Structures are given as structure tokens and as C-alpha cells.
Amino acid sequence: MSKKLKVAVWKFASCDGCQLSLLDCEDELLAVADAIEIAYFLEATRATVAGPYDLSIVEGSVTTPHDAQRIVEIRKQSRSLVTIGACATSGGIQALKNFGEVGDFIRTVYASPEFIDTLTTSDPISKHVKVDFELQGCPINKLQLLELVLSAVQGRAPRIPHHSLCVECKRKGVTCTMVARGDTCLGPVTHAGCGALCPSYDRGCFGCYGPMDTPNMAALDHRLADLGASARDRERAFASFYVNAKAYREHRELVTSGKVPESKS
Amino acid sequence: MSHDVFKADSKLPDRLLVALREQGYTTIGPTARDGAIVLDEIHASADLPVGLREDQEAGHYRLQARRDEAVFGHTVGPQSWKRYLFPPNHRLWAAKRSGGSFEIKPQHEADHRLAFIGVRPCELAALEIQDRVFFGEEHVDPHYAALRTRAFIVTVNCAEAAPTCFCGSMGTGPRAEDGYDLALTEILGRGRHEFLVEVGSERGATLLEALELKPAGKDALEAARKKAAELAGSMTRRVETDGLAEALMANLEHPHWAKTAERCLACANCTMVCPTCFCSTVEDVADLSGDHDERWRRWDSCFNSQHSYVHGGNMRPTIRSRYRQWLTHKFAGWIDQFGTSGCVGCGRCITWCPAAIDLTEELAALRGAVTT
């Protein structure tokens with residue numbers, strides 16, 4: 001290999017769980033360190049190397065005017081920029097604020113609201129700058145992160161499927177909780193990647209990996225209504241980590257406006 | 001081929017399992033787990049779903065207790081035998097960098113000798129269809145071929161049909177006449193619990209020798225055939241296969257495709273549970289050093305958009321186009337390619353569709369006159 005890939009890891013509004021997955025690659029960490037130059041990664045080391053960078057890995061959403069400027073600067077410094085996790089790709093769970101009055105939240109939460117300088121929305125990085133690849137998940141799957149880094153090192157497209165979670169259940173031999181128990185499961189519209197974690201433990205999917213590439217929200221909603229889920233439950237099922245993802249957001253607007261059928265039972 | 005018929009008592013499943021395991025087979029069969037009858041390694045009849053049946057409807061499956069101790073009183077669960085012959089994740093080969101070149105380490109399946117216990121007639125038909133796909137023509141899949149030719153098949157003829165079954169109209173069940181090593185028919189009632197054992201191969205005959213079973217009378221076989229014919233006629237779901245391929249291909253712009261697409265999740269469940277669907281994707285998995293590489297084959301589906309992605313775009317961007325591809329391939333294209341329909345009437349795609357789409361209803365609507 002010629003010159004090592006110069007990589008930076010950036011944090012925006014987030015819990016750090018996704019960038020932690022990189023450090024969590026214990027078995028592979030030495031090989032990773034060997035294959036790339038970690039130039040900027042404050043969670044791992046305070047020693048930093050100035051840009052430009054070959055690859056920027058961005059975690060977190062844009063929630064402040066300062067962040068909005070910072071991401072533009074990072075983009076200028078990066079040959080390639082990928083985002084990781086629900087926050088960076090969709091706005092994260094903190095994007096619940098997009099559907100309320102931010103002023104009200106600030107007054108309720110903070111003793112001195114005048115010190116708070118925030119945007120009214122929590123935005124995906126892609127709303128502010130061009131993003132080359134989005135890795136989904138809350139948190140992301142560390143093996144997929146490794147694949148993403150590896151694909152950058154090898155100069156090829158990352159091998160990350162965008163199909164439904166159901167494919168992972170079936171390959172794994174997990175019995176469908178929706179068909180065999182009537183559970184509410186978001187798997188049929190949810191992006192694969194977690195390895196069917198919840199269904200493997202007898203729980204319907206919570207949608208932690210966001211919408212799959214072609215989600216048929218209305219079809220799932222119709223079926224969940226048939227199975228007895230109330231409109232409120234069906235709306236709330238999508239009001240979590242990916243609340244601001246386009247498919248989920250538009251679907252919740254439909255459900256709350258009463259444009260989808262009420263449950264039959 | 002011999003077609004000897006024997007009688008056996010209710011200890012037969014255990015005796016068969018012992019005999020197969022003594023010959024070095026890994027015995028795979030149905031077993032109840034997580035609220036469904038799945039396939040896994042079984043060691044004794046206690047592992048089989050004794051006294052269980054399933055309540056199956058479109059998008060609905062529940063295990064229920066039977067009133068008797070039938071060992072094979074169930075039908076088909078979410079899994080099929082393809083997961084053993086065409087595994088969902090399968091390494092095809094590994095490679096190692098060596099000097100300026102690389103060495104390939106082929107994947108050998110030699111150690112696997114599988115015995116399948118409880119292969120239903122529709123599933124037997126599915127195996128024969130996959131045989132045509134994987135080694136029917138000049139392109140032989142060595143992985144499938146190695147596993148398949150070594151597999152010992154114990155078929156179980158069906159005594160009951162699930163409401164989702166339609167093998168009767170597909171001509172694939174509920175009784176198998178050949179294609180197995182041994183075929184069992186379970187007979188229950190009036191204090192009897194017996195098995196009729198039919199021999200379908202030399203391998204099957206050899207295995208049975210040690211069990212020293214008594215021959216069954218000719219009338220026993222006649223009775224079994226008669227019951228099977230009655231069961232075939234009693235199935236409520238059916239597919240009218242006459243002229244179906246032509247009708248589907250003539251109706252590619254039928255408005256019903258769009259109606260179905262409104263309900264279809266494109267989640268791929270139907271293709272994953274289908275015992276004949278064979279689409280896969282192949283991935284090269286290299287490590288960070290770039291010195292080791294493995295080629296893996298994984299189940300894929302025509303419902304996954306990336307499956308039909310080619311340079312520059314996706315050939316089937318809509319769910320409508322993907323559903324149409326699946327159904328027309330299964331019932332029409334398959335006949336041109338492999339000389340057989342791709343459907344065996346097992347009903348899995350109906351039961352395991354989270355959206356409760358019933359393929360038999362869709363086919364009936366799609367071959368109907370176009371009304372606008």
C-alpha cells in the first residue's frame with residue numbers, strides 16, 4: 001500500500017456511541033491503525049494533525065449555528081465525507097424538537113435560557129453539506145463501520161445492503177414475530193444492518209436503523225391496524241431515533257392527520 | 001427401482017434416527033421452537049413436534065396442540081430444506097496473497113452427510129426444481145451438488161393440509177410417488193399408531209434391512225393413495241395452472257399489479273421462505289491487510305432494489321415492477337428456463353407475508369379480464 005489514508009472523526013450533537021464503535025473494534029484495531037492514519041479523533045487521542053483529510057467520518061446532528069459553520073469547514077477539508085448513525089444521517093432522537101416549540105423546551109429545561117444558542121431543528125449533516133455515504137443505525141454496527149473504512153482504503157463502494165430487516169431475520173432463521181405472534185414489528189420497512197437483534201430476542205423491530213431504501217409505510221401501517229395497533233401506537237412507533245427520516249416523518253404526518261385507517265379491532 | 005412397502009409401529013422415527021446416525025448422517029428435521037416448527041438437528045423423536053399442528057392463514061401462524069400424538073401432524077413451517085443445500089450465507093472459496101500472486105483455497109463440502117427427516121411431497125418437488133437450477137444444465141454448482149447427492153431423504157406424506165396449502169392444484173402433493181430414499185405415511189386412529197414405509201432407493205432399502213420390518217399388504221398402499229387423492233381434492237386454495245404463463249405474460253400491464261404493489265412491502269419474506277427461490281448475491285470479503293479474501297454467497301431477492309441495480313441505475317425501481325418480476329418469473333419464466341413452474345404450492349409465501357398477500361388470489365385477479 002502506498003500512502004496511508006488520512007482519516008478524521010468528528011462529533012456533532014450525539015451520544016458518542018457511534019464513534020465509540022470504532023474503538024470497540026478491539027480485535028481489528030491494530031489492523032485499522034496500520035491501514036489508516038488517524039489524524040483527528042478526539043475520543044481516542046488529543047494529538048491532532050491539521051487537514052486536509054482523505055476521509056472524514058462524521059457523527060451527530062447539526063443543532064447550533066456554530067455547528068452549521070463547522071460542518072462547512074470540515075467538508076472543505078475533506079476529500080470524502082461519510083456520516084455515521086441516526087443523528088448524522090437523519091437528525092437523531094433529538095430531532096423530536098423539530099416537531100415542537102424549541103423556545104418552550106429551553107425555558108422548561110434550562111435555569112438561564114439566555115445562554116442557549118440553538119437552531120430550531122436538529123438536522124442531518126446532508127442538509128448542510130454534500131455527504132458521500134450514510135451509514136445507518138442507532139448505534140451503527142461496528143462491522144459495517146469497518147467495512148466502510150476498508151472500502152475507503154481499497155477505493156471501492158462500501159458493501160452495505162439497504163434492504164429490509166426481514167432478509168436478516170430469514171437468513172438467520174429467526175421466526176417472524178409479526179406473523180407468529182401478531183407483534184408490532186417495523187422490520188418490513190426498516191434498513192438492515194443490526195443483524196436482526198430484537199427479533200432474535202423475541203421482540204419486534206424498533207426501527208433503530210431507519211427506513212430501508214424503498215419503504216412501503218402505508219402498507220405496513222394498514223397491516224398493523226389490522227393486527228389491532230391503534231393510530232396513536234402506530235404514530236409513536238416511528239417517533240424515535242429516526243423521527244426526522246423523510247419516510248417516517250411523512251408517514252407520521254399522515255397518521256396524525258387521520259388519513260390512514262383506524263384499527264379494526 | 002424397487003417399490004417395497006413395509007409396516008412399522010410408532011417406534012419407527014426413533015429407530016430410523018438411530019440407524020441414520022449410526023451410518024454417520026447428521027439428522028435434520030422439524031422441531032418446535034420460538035412458536036413455530038423450524039428445521040434443526042434432531043437426535044430422537046422427542047425433538048420432533050409430537051402432538052402439534054399449525055393454524056395458518058395469510059400473514060398468520062400459530063402453533064396449536066393436537067388431540068392426538070401424531071409425530072408429523074403438522075405441515076410446513078417458515079423454513080425449507082434449501083437452507084441446508086443452498087445455505088443463506090455460504091463461503092465459496094478463500095484466497096491468500098502469496099508473493100506477486102494468490103492462492104485459492106476451495107470450499108469442500110465433503111464432510112457433510114445430511115439426512116432430512118420429514119420432507120413433505122411439495123418440498124420434495126421443490127428439491128427437484130432446485131436440482132434443475134443448480135445442476136440441471138452444464139453449469140453445475142459444486143456446493144449444492146455435493147450436499148444434495150449425499151443427502152438421505154425421508155419423505156413424509158401429508159395426512160392433513162393447512163388452509164394455505166395448494167399442492168393439489170400444482171400436482172406436487174400431498175403424496176410422493178418417487179424422488180425419496182424412504183417415504184413414510186403416518187396412520188393414526190382407533191388405537192392404531194403405525195407407519196407405512198415405502199422404499200424409493202437402494203440406499204433406502206439398505207437402511208431398512210437392519211430394522212427388519214414386516215411387508216405391508218397391497219391394500220395398505222391403495223388406501224394411502226385414495227386418502228391422498230381425497231386430501232388433494234379437499235384443498236380450498238388452488239391455482240388454475242392451465243394457460244397461466246401465457247395469461248400472465250399477456251397481462252403485464254394489468255392494473256392489478258399496481259393494486260398489489262400498494263400492499264406489498266418489498267420486504268422479500270416471500271422469496272426467503274420460498275423453497276425454490278434461488279437468487280443470491282456474491283460478496284468478496286477481504287481483511288484490512290488485503291492479504292486474505294473470502295468469497296461468500298448470500299440469499300438475495302428480486303424484491304431488494306440493489307438486486308436489480310446495474311451501472312447507472314435500477315432496472316426495477318418500483319415495488320410494482322419487483323412484484324411482477326417475481327410472479328411472472330415463478331409462474332412463466334421458470335417454465336422457459338427450467339421446464340417447470342417455480343411454485344410447488346407449499347403456501348409459505350402466503351403465511352409468512354407480513355402484509356397477508358395471498359398469491360393464489362393475486363394470480364386469479366391477474367389472469368382475469370382487464371377492467372378499467
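Coordinate-derived values only; no laboratory data. This structure is a prediction, so every number in the text was calculated from the model and none was measured. Note that each Cβ is placed from the backbone with ideal geometry, even for glycine, and that neighbours are counted across all protein chains shown.
Identify the chymotrypsin sites (Phe, Trp or Tyr not before Pro) of the range A:153-223 meeting these criteria: DSSP loop state and at most 16 other C-beta atoms within 10 Å of the C-beta.
Qualifying residues, ordered by number: A:Tyr201.
Eigenvalues of the Cα gyration tensor times 5, then square-rooted: what semi-axes does that give for chain A, in whole angstrom, largest first? Present the calculation step by step, with values, prior to reporting the outcome.
On the way: eigenvalues 226, 126, 39 Å².
Largest first, chain A gives 34, 25, 14 Å.
For the range B:244-366, taking Cα atoms only, what is the radius of gyration to one decimal and the Dmax to the nearest whole Å?
Every Cα atom of the range B:244-366 included, Rg and Dmax give 16.3, 55 Å.
The range A:9-105: which GluC sites (Glu not before Pro) are DSSP loop and have at most 13 other beta-carbon atoms within 10 angstrom?
Sites meeting the loop and neighbour criteria: A:Glu26, A:Glu43, A:Glu101.
Once you've got the Cα coordinates, tell me which of A:Lys130/B:Lys259; A:Lys246/B:Lys330; B:Lys7/B:Lys82; B:Lys7/B:Lys227 are over 28 Å apart.
Going by Cα-Cα distance, A:Lys130/B:Lys259; A:Lys246/B:Lys330; B:Lys7/B:Lys82 fall outside the 28 Å limit.
Treating the Cα atoms of the protein assembly as shown as identical point scatterers in vacuum, please give the log10 of the normalised Debye intensity I(q)/I(0) at q = 0.05 Å⁻¹, two decimals.
-0.28
Please build a GNM for chain B, connecting alpha carbons under 10 Å apart, and tell me which residue among B:Pro121, B:Pro87, B:Pro78 fluctuates the most.
Checking each option, the largest mean-square fluctuation is seen for B:Pro87.
Per residue of A:212-220, what is the mean number of Cβ atoms on other protein chains within 10 angstrom of that residue's Cβ?
6
Quantify how strongly other chains surround peptide B:312-321 by giving the mean number of their Cβ atoms within 10 Å of each of its Cβ atoms.
Other-chain Cβ atoms within 10 Å of each residue's Cβ, averaged: 1.
Over the range B:5-234, consider all pairs of different Cα atoms and compute the Kirkwood hydrodynamic radius from their mean reciprocal separation; express it in Å, one decimal.
One over the average 1/r among Cα pairs gives 18.9 Å for the range B:5-234.
Placing +1 on the Cβ of each Lys and Arg and -1 on the Cβ of each Asp and Glu in chain B, which of B:Ile319, B:Phe72, B:Met170 has its Cα farthest towards the positive end of the resulting dipole?
B:Ile319
How charged is the neighbourhood of B:Val310? Take every other residue with its Cβ under 15 Å from the Cβ of B:Val310, and add Lys/Arg as +1 and Asp/Glu as -1.
Residues close to B:Val310 contribute a combined charge of +1.
Using a cut-off of 14 Å between beta-carbons, work out the net charge of the residues near A:Ser14 (Lys and Arg +1, Asp and Glu -1, A:Ser14 not included).
Net charge around A:Ser14: -3.
Give me the dipole magnitude in Debye, nearest 20, for the range B:5-234 about the Cα centre, with unit charges on the beta carbon: positive for Lys and Arg, negative for Asp and Glu.
280
Which translational diffusion coefficient, to the nearest whole µm²/s, is obtained for the range A:165-256 from the Stokes-Einstein equation, given a Kirkwood hydrodynamic radius over C-alpha pairs, 25 °C and 0.890 mPa s? Let's see the in-between values first.
Numbers: Rh = 13.0 Å.
Translational diffusion coefficient: 189 µm²/s.
Taking just the alpha-carbon atoms of the range A:5-154, what radius of gyration and Dmax come out, in angstrom?
Final numbers for Rg and Dmax: 16.0, 51 Å.
Out of all DSSP beta bridges with both ends in chain A, state the antiparallel percent to the nearest 5.
Of the beta bridges lying entirely in chain A, close to 15 percent run antiparallel.
Alpha carbon centre of the range A:122-147 versus the range B:144-176: separation in Å?
So the separation of the two Cα centres works out to 46 Å.
Among A:Ser200, A:Leu165, A:Ala225, whose Cα sits farthest toward the positive end of the charge dipole of the range A:165-256 (+1 at Cβ of Lys/Arg, -1 at Cβ of Asp/Glu, about the Cα centre)?
Farthest towards the positive end: A:Ser200.
Using 0.36 nm times the number of residues separating A:Ala50 and A:Lys130, minus their current alpha carbon distance, what extension gain do you get?
26.7 nm
Quick one: dipole size for the range B:245-326, taken about the Cα centre, charges +1 on Lys/Arg Cβ and -1 on Asp/Glu Cβ, in debye to the nearest 20.
600
Could you size up the charge dipole of the protein assembly as shown around its Cα centre, putting +1 on the beta carbon of Lys and Arg and -1 on that of Asp and Glu, and report it in debye to the nearest 20?
Computed about the Cα centre, the dipole is about 860 debye.
Place +1 on the Cβ of every Lys and Arg and -1 on the Cβ of every Asp and Glu in the range B:5-234, take the dipole about the Cα centre, and give the residue among B:Gly59, B:Leu147, B:Ala223 whose Cα lies farthest towards its positive end.
It is B:Gly59, whose Cα lies furthest towards the positive end.
Within the range A:205-245, report the trypsin sites (Lys or Arg not before Pro) that DSSP leaves as loop and that have at most 11 other Cβ atoms within 10 Å. Before the final figure, lay out each step's value.
On the way: sites: A:Arg223, A:Arg232, A:Arg234, A:Arg236; in loops: none.
Hits after loop and neighbour filter: nothing returned.
Nearest 5 is fine: what % of DSSP beta bridges in the protein assembly as shown come out antiparallel, could you say?
65
Per residue of B:303-309, how many C-beta atoms from partner chains lie within 10 Å of its own C-beta, taken as a mean?
4
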